[in-house]
Structure formats: structure tokens, C-alpha cells
1. Can you tell me the Rg and the Dmax, both Å, for the Cα atoms in segment 121-246?
2. Would you give the gap between the C-alpha center of segment 125-203 and the C-alpha center of segment 1-50, rounded to a whole Å?
3. Taking the Cα-to-Cβ direction at SER24 and at ARG272 and moving 7 Å from each Cα, how far apart do the two end points lie in nm?
4. Largest first and in whole Å, what are the equivalent-ellipsoid semi-axes of the chain based on the Cα gyration tensor, each being the root of 5 times an eigenvalue?
5. Filter the trypsin sites (Lys or Arg not before Pro) in segment 1-53 to those in DSSP coil with at most 16 other Cβ atoms within 10 Å of their Cβ, and list the result.
6. Just subtract the alpha-carbon distance of SER225 and THR103 from 0.36 nm times their residue separation and send over the number in nm, one decimal.
7. Which of GLY190, GLY152, GLY27 moves the most in a Gaussian network model of the chain with Cα springs under 10 Å?
8. When the Karplus curve 6.51 cos²θ - 1.76 cosθ + 1.60 is applied with θ = phi - 60°, which whole-Hz ³J(HN,Hα) does each residue of segment 42-56 get, with x for Gly and Pro?
Amino acid sequence: MSAYADSAEVVTCSCPAAQAGSGSVWGTDTYTADSATCRAALHAGRIGRQGGTVTLEMLPGEARYPGTTRNGIASNNYGAYGSSFRFQGAAASGPQLCPDSMTAFADSAEQVSCLCPGEATLRGSIWGTDTYTADSATCRAAVHAGMIAQTGGTVSLQMLPGAPRYPGTTRNGIASNNYGAYGASYRFLGDPRAAKAGAPVQAPVAESLQRTGQVQLYITFRTGSADLDMNAAPVLYQVRDALAADPGLRLTLIGHTDSTGSAATNLPLSQRRADSVRQWLVASGIGADRLAAEGRGPNEPIADNGSEAGRSLNRRVQAARMP
């Protein structure tokens, strides 16, 4: 969109499948004007790999463009750039999800507040103790620092200059690594504490589906049962609203359990729980042909079943976008 730089035009165009798979992209949600338009649309979740029509708005430049990996597309970090664009119809803003690392904020003194969903605490490597290299996994570092439990939460952090060394330690079940000099770092704000694990923090459903094509749903059931608990309502409403807002969205609902009990019990239980979510959505007006359900029992854990926090992250229904 470089030809539209320094304008405020709204542009509608068609993205053939071939263009969706080529070119480079800088930024997330807001992209540099020289980013490949159709590849950025795929990264943003506005089209699939088969292509489609998009509408975007030209915007002024920004001080930085953080890169992320979404929908199989890796965008790049970039500093100040004089013109940008954003696709219309993006998911409504909600809690800002923490970036995988703080690399895009290197060489700044910004304070950042963001949300760590439960599954984000399980990913990546970290270097340092209390002060972490900018490329350390943000949410995993937050657990190591004692700011949140493994089940997730909200954090605030301060970007800092680099340090000559980053000593590694083991804290709160997380091992950080030693590292030498690194040019940018961050430190969490607030009093470090051994955070108590609560219910897993739910990632925003529509935003996660748009960005990554899947989301872990922490829907509560009665113990040993496929009956939906009343506390499941807020998450179910988010799924229903995401489907209602995008008539082309089709989901596979995949039930998972922890390792407590036998596989012979857990596999059919996970199927029944996925079926319960599907039935609730159909009863709420979503077409049955847009939903599939399956159960995988304890076979695909995302956390260690040796702790209650880990088991609570494994008890979930995964919603995955169908091709």
C-alpha cells in the first residue's frame, strides 16, 4: 500500500490465493505500508489461504510494529515507519494479549500492561532472574518472577536498557537460563509474589480464533459429568457471538481431560463434553452444519498433570477453525 502512503483512504481489493502466500509483512494488526497486502490479510485472519476480498484503512505511521506468528504467517518487527494500514472488520478490542516476547519494544522505556492466558505461560524460553532479556517469553517469565500463576493473569512490565549478564534460576517451577550481555531487557512491576493458582485465564475467543485459528476454552463442567456448569456461560456466549459475527466460521470442538482416572473413562467423557458445547451452540441458533465435535481424552496435554494448575489447563474444550 505504499502508493497510498500519507493518505486516509479506505481501499477494498481482491486477494488471489497466490498473493496471499507471498511477500513480507511487518507489524501485527497495524502493518507498515510496504507490507505485502494479501499476506498481511492472511496474517490478520481476514482471509484464508484461498484468498478473498478485504477492506483496509490507511493510517499515519507508528513508532514500532511488533511482529507475531498468526495463521501460519510470521510477521517481522520494525521500528518507526511513516505510513501504515489496518484491515476493517478486525476483532473488537479487548484485553491486550501479551506479545510472545518484548523484542519489538527493545530500545524503549515503555511500560506495558497485558494479559497472559493460561496456555501462554507454557511456551518459550527465558533468560535472567527478575530482569529478563527482551527476547524471553513474556508470560513464562511472569510465572518465574512470581507475578502470576501458571493459570495466567494480567501483568505490567517496564522496558529497560541491556545488562552485562542475566543469571538463571529455578523459581515457581520454571527454570530460566544464564546469558551474557544482551542489549535490551524488561522487569515486571509490582511486588513479586508466589501467585496462587485460580481458574485458567480465558483468552478472548473471537480475537484468538481470528489471529491463530484456534482457542482453548476453559468451560466448567460438573465433576465427572458432561453437564455444563452455570459458570461456563461467559465463555459459551463468546463462542456463540464469534460464530454469529462471522457466518463463514466453522469450528471443530475437541474435548480434552487431565490424566486423573482411566483413559477408558476419560476418552468418552471428553467426547460427551465436546458434544455438550456443540448442542448448546446449536440450541443458541448456530447451524449444526457449522460445528463438529470429537474427544481426545488425556492424550494431548498442554501442561504437566503433576500439579492442580497443570491439570486445570489440560481440562478444556479446544475450538479449531475448519478449513
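Read-outs throughout are calculated quantities, based only on the coordinates presented, and are distinct from any laboratory measurement. Keep in mind that what you see is a predicted model, and the values were worked out from it rather than measured. Cβ coordinates were reconstructed from backbone atoms using ideal geometry, including for glycine residues, and neighbour counts include every protein chain displayed.
1. 17.8, 55
2. Cα centroid to Cα centroid, the span is 34 Å.
3. Modelled inter-label distance: 5.5 nm.
4. Equivalent ellipsoid semi-axes, largest first: 33, 30, 14 Å.
5. For trypsin sites (Lys or Arg not before Pro) across segment 1-53 that sit outside H, G, I, E and B with at most 16 neighbouring Cβ atoms in 10 Å, the list reads ARG49.
6. 39.5 nm
7. Among GLY190, GLY152, GLY27, the largest mean-square fluctuation in the Gaussian network model of the chain belongs to GLY190.
8. Calculated HN-Hα couplings, in order: 5, 4, 6, x, 7, 9, x, 5, 7, x, x, 9, 10, 10, 9 Hz.
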